[in-house]
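What follows is a short report on a single structure.
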Amino acid sequence: MRAPGLLRTRAAGPADARPSVLLLSSDLRRRYAEDVLTALALPRGAVIQFRYKAGYVARALQRAVADRSVVGRRCLLGFVADAQAPAPLVSTAQFPMPQGPVSQGPVSRSPAPPPFVVPVRLAVIVAAVRVADMFVFRLRVDDYANLDDFPLTEAEIRERGASFVAGLEAVNGARFYPATARFPDPLPPPRTRADDPHLWLGVARRLAQHPTFRSSYFVRVEEPVLGDDRTAGLDAAGRLSLSDSDSVKVRVTFYADGYCEPMRQLACATDGTYLKISSDWSYDLSLRYDTVEFWLQPEALAFDALARVTIRLATDGQAEQAPGSLTTKVGFPVVVHRSRSRLFLRVSANAAGAFLVALPAVLGPSFPLHLRMLSAVTGAVLLALATIVISRGGR
């Protein structure tokens with residue numbers, strides 16, 4: 001089972017539609033668990049990708065991918081753990097058996113805990129394709145799951161998870177599929193207006209009950225805000241579009257269920273050429289929860305450009321692989337458009353300045369000296385403004 005990366009998308013479906021597809025990611029690999037954190041952290045409208053081998057995709061969903069009827073359907077993204085067969089025997093390659101007679105008694109297996117299932121986020125399927133024996137789903141993330149009536153303790157979540165997995169297997173021919181169009185809906189009816197911070201925190205607190213995330217920080221990247229405090233939502237392709245005369249703020253909230261070691265760092269990175277950071281680029285996390293802002297400033301351009309913003313929360317290099325040191329990495333592309341008004345102003349100022357600088361020569365020595373000097377100085381000032389201020393995006 002594979003989970004997220006970032007790709008382009010198309011428009012989402014109606015916000016109040018019930019999910020008709022279930023896509024689960026697990027903790028079988030470190031990357032899969034980090035993908036759950038990424039799905040939770042992305043700003044609304046960003047695009048994410050889930051990948052599954054064919055054996056993990058239910059037949060009905062495979063048919064929907066083949067005839068493209070799955071595109072535009074609303075899906076539920078979730079986290080699942082301990083939903084497979086009982087734990088395997090300990091490997092004898094790592095722990096060799098002692099020499100001597102071997103007991104022929106029954107082999108004991110460690111008991112498997114009940115499944116742990118938490119709904120994370122709603123999304124819209126914008127593209128789905130089969131490549132060889134792999135299915136690729138491209139999704140545009142939307143509301144967080146409403147878990148107000150969902151259990152909060154690990155034991156209760158596992159009890160609910162066992163019931164959910166049993167129902168999931170019952171409607172899928174006694175098989176567990178992490179990607180399916182047939183599943184018992186674990187969510188209450190949707191709200192007419194989602195309270196994003198509240199719902200995000202509800203999901204984070206429940207994920208933190210599982211050992212995989214118990215020492216993790218959870219991140220929420222809000223929709224970018226322009227310099228005039230106007231929210232700049234991501235477009236249908238999951239990209240942020242800016243003029244080179246705009247500035248943008250990216251507000252990031254983080255939360256941990258307890259104080260975590262080692263120290264984490266929250267950092268923002270861009271390409272550094274077309275889009276630059278005009279604030280502190282990193283923060284050391286010494287609190288369980290807080291909100292920080294990163295300020296970004298496009299460069300004045302003579303052409304449109306594609307940049308990228310990446311928000312990353314991680315430990316230092318030495319502790320990167322330590323237990324509980326999962327990394328959250330969120331990114332979205334930014335299209336910086338050349339400002340037409342700035343270009344017109346620059347061309348006009350250059351033309352006017354060149355004309356005024358040349359005017360004294362055209363008028364000749366018979367024209368009053370002080371007026372010729374005034375014309376030349378004014379023209380030089382206009383040229384300087386066009387070259388230094390307007391072309392560099394002075395604000």
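Observations on the structure shown:
- Filter result for A54 (farther than 12 Å from F79 by Cβ, among the hydrophobic types (A, V, I, L, M, F, W, C) and surrounded by fewer than 17 Cβ atoms within 10 Å (Cβ to Cβ)): yes
- The strands (runs of 3 or more DSSP E) found wholly in segment 157-258 and carrying at least 2 residues that are in contact with a helix residue (DSSP H, G or I) (Cβ under 9 Å, 6 or more places away or on another chain) and closer than 30 Å to M134 by Cβ occupy 217-221.
- Any hit, segment 81-89, residues being exposed (fewer than 12 other Cβ atoms within 10 Å of the Cβ), modelled with pLDDT under 95 and closer than 18 Å to A179 by Cα: yes
For (1) outside any loop (DSSP other than H, G, I, E, B); (2) among the aromatic types (F, W, Y), each residue gets a yes or a no:
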{"residue": "A33", "(1), (2)": "yes, no"}
{"residue": "L37", "(1), (2)": "yes, no"}
{"residue": "G45", "(1), (2)": "no, no"}
{"residue": "R51", "(1), (2)": "yes, no"}
{"residue": "A60", "(1), (2)": "yes, no"}
{"residue": "R63", "(1), (2)": "yes, no"}
{"residue": "L76", "(1), (2)": "yes, no"}
{"residue": "F79", "(1), (2)": "yes, yes"}
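To keep it simple, each residue is scored yes or no on (1) more than 24 Å from V117 (Cα to Cα); (2) acidic (D, E).
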site	(1), (2)
G202	no, no
R206	no, no
D228	yes, yes
A267	yes, no
T270	yes, no
Y274	yes, no
D280	yes, yes
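- Among residues of segment 279-306, those that are part of a loop (DSSP other than H, G, I, E, B), polar (S, T, N, Q) and exposed (fewer than 13 other Cβ atoms within 10 Å of the Cβ), counted: 1
The values are calculated or read from the model by the stated rules, or taken from the named source; none is laboratory data. Here the structure is a predicted model, which is why all the values come from computation and not from measurement. Positions of Cβ are generated from backbone atoms using ideal geometry, with glycine treated the same way; all protein chains shown enter the neighbour counts.
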